[in-house]
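Q: Take this structure, written in structure tokens, and hold onto it; I'll ask about it next.
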Amino acid sequence: MTPPNNEQESASTPRHVAIVMDGNGRWARERELPREQGHQHGRIKLHDVVRAFSERGVRFLTLYAFSTENWRRPSEEVQGLMTLAAEAIKQDAPRLHQEGARLLHLGRKDRLDPDIAAAIDRVVDVTKDNTGITLSVAFDYGGREEILEAARSLMRDGVAADNVDESAFESRLFTNGLPDPDLIIRTGGELRISNFLLWQAAYAELYFTPTLWPDFGPQEVTKALDSYAARKRRFGGVEGE
Ligand code: IPE
Ligand code: IPE
Ligand code: MG
């Protein structure tokens, strides 16, 4: 979004952290458990991780929970993930609300079970005035889909080509109003982005850890933030200028 000011550039704490929560399936396989159990253990970690980032001063946290490509998984696994999402809304969301978190959803809602879509809308509405950490959950989210939809929306509104600048484009992304992520973490050892925040990641610092998501806890949060604090961001400029 807006270019970072000097204060933010030198800040050692990222304002916005985004996480690709990967490795649930492998966590389960290592224990000879069904993949579903890996997802369940992954969900259990959510609250502690959100709290750990919040306590460290991170103001925006975005979690990649289900991609537009994850529909390709066997239907029982997709169903299990939908059930977990419903559970998270029921159990985690009220606790987060109590702690002052503002919850947002990034992604499509038209392919979700209508009950889940309605529950998402309620949680977003109930928490909209909270002043704590902003927790965005990317669920049925894909970066390409998001960019295409922004382009379609500009065309539908008849915006003239010369008026299509970064801010006009960003205002039509799911992340409208959120700062770009400063740090993107991927657990589970894969070194890829998997269609996450393609536009927004332009100048994000990347942090990859082999730790599987169900094992990612407050200590890992500290390691990732320490790594970020040691980075020098230049945004295309020259250091020290
Ligand atoms: C991440 O864990 C959760 C989702 C993508 C929904 P995976 O299920 O991808 O776990 P691995 O990568 O198979 O270990
Ligand atoms: C990325 O993980 C999506 C989420 C964590 C929600 P995947 O497991 O789907 O990614 P790939 O298939 O390994 O790239
Ligand atoms: Mg995976």
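Q: How big is D, in µm² s⁻¹, for segment 139-241 by Stokes-Einstein at 10 °C and 1.306 mPa s if Rh is the Kirkwood radius over C-alpha pairs?
A: Working: Rh = 16.0 Å.
This corresponds to a translational diffusion coefficient of 99 µm²/s.
Q: What net charge do the residues around G57 carry, taking every other residue with its C-beta under 13 Å from that of G57, with Lys and Arg at +1 and Asp and Glu at -1?
A: On the way: positive: R15, R51, R56, R59; negative: E55, D182.
Summing Lys/Arg as +1 and Asp/Glu as -1 gives +2.
Q: A follow-up question, please. Note down, for segment 147-205, the three equivalent ellipsoid semi-axes (square root of 5 times each alpha carbon gyration tensor eigenvalue), biggest first, whole angstrom.
A: Over the Cα atoms of segment 147-205, the semi-axes work out to 27, 12, 9 Å.
Q: Tell me, what are the semi-axes, in whole angstrom and largest first, of the equivalent ellipsoid of the chain as set by the roots of 5 times the Cα gyration tensor eigenvalues?
A: Calculated on Cα positions only, the semi-axes equal 27, 24, 18 Å.
Q: With each pseudo-label sitting 7 Å past Cα toward Cβ, what's the A202-Q79 distance in nm, one decimal?
A: Label at A202, label at Q79, 4.4 nm between them.
Q: Can you tell me how much longer the chain between V159 and T222 gets when fully stretched, taken as 0.36 nm per residue apart minus their C-alpha distance, in nm with one decimal? Working shown, then result.
A: Working: separation 63, 0.36 × 63 = 22.68 nm, distance 4.45 nm.
Net length gain for the segment: 18.2 nm.
Q: Continuing with this model, one more query. Along each of its three principal axes, how wide is the spread of alpha-carbon positions in segment 65-106, in whole angstrom units, largest first?
A: Computed over segment 65-106, the largest-to-smallest principal extents equal 36, 18, 8 Å.
Q: Below 27 Å Cα-Cα, how many Lys pairs turn up in the chain? Only count pairs eight or more apart in sequence, or on different chains, if you could. Working shown, then result.
A: Numbers: K45/K90; K45/K109; K45/K128; K45/K223; K90/K109; K90/K128; K109/K128; K223/K232.
Lysine pair count for the chain: 8.
Q: List the extent of the Cα atoms of segment 7-143 along each of their three principal axes, largest first, rounded to whole Å.
A: That gives 46, 34, 28 Å along the principal axes, largest extent first.
Q: Quick check: net charge around D157, other residues with Cβ under 14 Å of its Cβ, Lys/Arg +1 and Asp/Glu -1?
A: +2
Q: Next question. Under 18 Å from a label point 7 Å along Cα→Cβ of Q98: give me every residue in segment 50-73 with its amide N that close.
A: Within reach of a label on Q98: 50-52, 54-55.
Q: Take the solvent-accessible surface of the protein heavy atoms, probe 1.4 Å, and return the percent of it on the chain that carbon and sulfur atoms account for.
A: 49
Q: On to the next question. Can you compute the equivalent ellipsoid semi-axes for segment 193-241, i.e. the square root of 5 times each eigenvalue of the Cα gyration tensor, sorted largest first and rounded to whole Å?
A: On the way: eigenvalues 121, 56, 8 Å².
Equivalent ellipsoid semi-axes, largest first: 25, 17, 6 Å.
Q: Which one, Q200, L212, N176, projects farthest toward the positive side of the charge dipole computed for segment 176-241 from Cβ point charges (K/R +1, D/E -1)?
A: Q200
Q: In whole Å, largest first, what are the principal axis extents of the Cα atoms in segment 69-204?
A: Largest to smallest, the principal-axis extents are 47, 38, 31 Å.
Q: Same structure again: Out of segment 173-241, which trypsin sites (Lys or Arg not before Pro) are coil in DSSP terms and have no more than 12 other C-beta atoms within 10 Å?
A: Numbers: sites: R186, R192, K223, R231, K232, R233, R234; in loops: R192, R231, K232, R233, R234.
Filter output for segment 173-241: R192, K232, R234.
The values are calculated or read from the model by the stated rules, or taken from the named source; none is laboratory data. What you see is a predicted model; the values in this text were computed from it and never measured. No Cβ is skipped: glycine too gets one built from the backbone with ideal geometry, and neighbour counts run over all protein chains shown. Accessible surface is based on the protein model in full, side chains and every heavy atom, while ligands, DNA and RNA are left aside. Shrake-Rupley method; radii C 1.70, N 1.55, O 1.52, S 1.80 Å.
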